[in-house]
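Trainee: Once you've had a glance at the structure underneath, I'll fire off some questions.
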Amino acid sequence: MIQIFHGDHTATSRQNFNQAIDTSQAANILRLDAKETTLDKVNLFLNSTSLFPGDRLLAISNFFSVPKALLDKITPILTSSPDTVILWHDKKLSAAQTKLFSQAKIVESPLPKTLFVCLNTIKPGNLKILIPLLRQTLKSEPYDLFLYLLKGNLRKQLQGYSKFDPLTLKRAYLSLVELDYQTKTGTLAIAKEIALERILVQLVK
């Protein structure tokens, strides 16, 4: 049996992946990431006689990131194995990628709609709508994920069309970059949510 966990909501897909491993009754478990995955390791674990009797479980993180030549060799071994194989990828997979395992159970974790709704309300003069929605979003969704999406959104606007004044937009983007740095280094003097809100107030007002 093959299970595949993927999606844009990386935290949720990773959690589901780990839960599937933790709840497994397999006696023999091997966890690999893409860099550790080799043909010999996979073949040896799934096809050799184990010292410990019982079911086997092979879990690979970011399997679809391994070189194509290696992926093409390992895929038939995984699909023909009677043991449990669990794969996780830190992004949404394409239809072509999931078709490699046509019989697999696929669990996708998409981003919540509230994140995009909130991002779409970041417009000039839209402060009264944005702030309540921002506070609600940050209570239910990961702060780091929202900040990542917000920086990407503003960066795209800097490179193309935007309703914001270019100078104001650039100042807001650089403030977000600095906020991210201060948050990760523990040098931020106030709550990160408050700091983020202040940056958006200056942008949107």
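The values are calculated or read from the model by the stated rules, or taken from the named source; none is laboratory data. What you are looking at is a predicted structure, and each value in this text was computed from that prediction instead of being measured. Neighbour counts run over all protein chains shown; Cβ positions are idealised from the backbone, glycine included. Accessible surface is based on the protein model in full, side chains and every heavy atom, while ligands, DNA and RNA are left aside. Shrake-Rupley method; radii C 1.70, N 1.55, O 1.52, S 1.80 Å.
Trainee: Got a sec? Charge dipole of the chain, +1 on Cβ for Lys and Arg, -1 for Asp and Glu; which of V107, T37, T183 is way out at the positive end?
Mentor: T183
Trainee: Can you run phi through the Karplus equation (6.51, -1.76, 1.60; θ = phi - 60°) for the range 106-120 and list ³J(HN,Hα) in whole Hz, with x for Gly and Pro?
Mentor: 10, 10, 9, 10, x, 5, x, 5, 4, 4, 6, 4, 5, 4, 6
Trainee: Using modelled amide H (1.01 Å from N, peptide plane; none on Pro or chain starts), what sits under 5 Å from the amide H of N62, excluding residues fewer than 5 places away?
Mentor: Here W88, H89, D90 satisfy the definition.
Trainee: Moving to a separate point now. Give me the mean projected area, in nm² to one decimal, of the convex hull enclosing the Cα positions of the chain.
Mentor: Working: hull surface 57.4 nm².
Spelled out: convex hull of the Cα atoms, projected over all directions, averaged, 14.4 nm².
Trainee: With all protein chains present, how much of the accessible area of the chain (probe radius 1.4 Å) comes from carbon and sulfur, to the nearest whole percent?
Mentor: Working: 6580 of 12060 Å².
That fraction is 55 percent.
Trainee: Any idea how far the Cα center of the range 117-137 sits from the one of the range 146-205, in Å?
Mentor: Computed from Cα coordinates, the inter-centre distance equals 14 Å.
Trainee: Could I ask something else about it? Taking a point 7 angstrom from the Cα of K205 along the C-beta vector, which residues in the range 118-132 have backbone N less than 14 Å away?
Mentor: Backbone N within reach: 125-128, 131.
Trainee: Now, a different point. In whole percent, what relative contact order does the range 1-160 give with Cα contacts below 8 Å and a gap of six or more residues?
Mentor: 32
Trainee: In Å², and per residue, what accessible area does the chain have when probed at 1.4 Å with the other protein chains present?
Mentor: For the chain, the solvent-accessible area averages 59 Å² per residue.
Trainee: Please give the contour-minus-distance gain from S140 to V177: 0.36 nm per residue of separation, less the Cα-Cα distance, rounded to one decimal in nm. List each step's numbers first, then the result.
Mentor: Numbers: separation 37, 0.36 × 37 = 13.32 nm, distance 2.27 nm.
Working it through step by step, the gained length comes to 11.0 nm.
Trainee: What pairs from K73/K184; K92/K205; K128/K151; K68/K184; K113/K205 go past 32 Å between their alpha carbons?
Mentor: Working: K73/K184 40 Å; K92/K205 35 Å; K128/K151 21 Å; K68/K184 35 Å; K113/K205 24 Å.
Violating the 32 Å limit, Cα to Cα: K73/K184; K92/K205; K68/K184.
Trainee: Report, by chain and number, residues whose modeled amide H sits under 5 Å from the one on I106, excluding near sequence neighbours (fewer than 5 apart, same chain).
Mentor: I4
Trainee: Next question, about the same structure. Placing +1 at every Lys and Arg Cβ and -1 at every Asp and Glu Cβ, with all other atoms neutral, what dipole size does the chain have around its Cα centre, in debye to the nearest 20?
Mentor: Details: 26 positive and 17 negative charges, 190 e Å.
So the dipole magnitude of the chain works out to roughly 920 debye.
Trainee: With the calculation restricted to Cα positions, what are the radius of gyration and Dmax of the range 1-93 in angstrom?
Mentor: For the range 1-93, the Cα-based Rg and Dmax read 12.8, 39 Å.
Trainee: What is the set of long-range amide H partners of D8 at a cut-off below 5 Å, with H atoms built 1.01 Å from backbone N?
Mentor: K92, S109, L111
Trainee: Hey, another quick one. Spelling out what I want: for every residue of the range 183-196, take phi, set θ = phi - 60°, compute 6.51 cos²θ - 1.76 cosθ + 1.60 (Karplus), and round to whole Hz; glycine and proline get x.
Mentor: Ordered by residue, 3J(HN,Hα) equals 5, 6, 9, x, 9, 7, 7, 10, 4, 4, 5, 5, 4, 5 Hz.
Trainee: Given a Förster radius of 22 Å and the C-beta distance between S65 and L111 as r, what FRET efficiency does 1/(1 + (r/R0)^6) yield to the nearest 0.05?
Mentor: Details: r = 20 Å, r/R0 = 0.93.
For R0 = 22 Å, the calculated efficiency reads 0.60.
Trainee: Further, regarding this structure: So in the range 1-106, what percent of DSSP beta bridges are antiparallel if you round to the nearest 5?
Mentor: Values: 0 of 17 bridges.
Antiparallel: roughly 0 percent of the beta bridges in the range 1-106.
Trainee: Next question. What ³J(HN,Hα) values, in whole Hz, does the Karplus curve 6.51 cos²θ - 1.76 cosθ + 1.60 give for the range 27-42 when θ = phi - 60°, with x put for Gly and Pro?
Mentor: Values per residue, Gly and Pro as x: 7, 10, 10, 10, 10, 9, 10, 4, 5, 8, 6, 10, 4, 5, 4, 5 Hz.
Trainee: Above 17 Å lies some portion of the pair distances; for the range 50-141, what is it as a whole percent of all C-alpha pairs? Mind dumping the intermediate values first?
Mentor: Values: 2686 of 4186 pairs.
Pairs farther apart than 17 Å: 64 percent.
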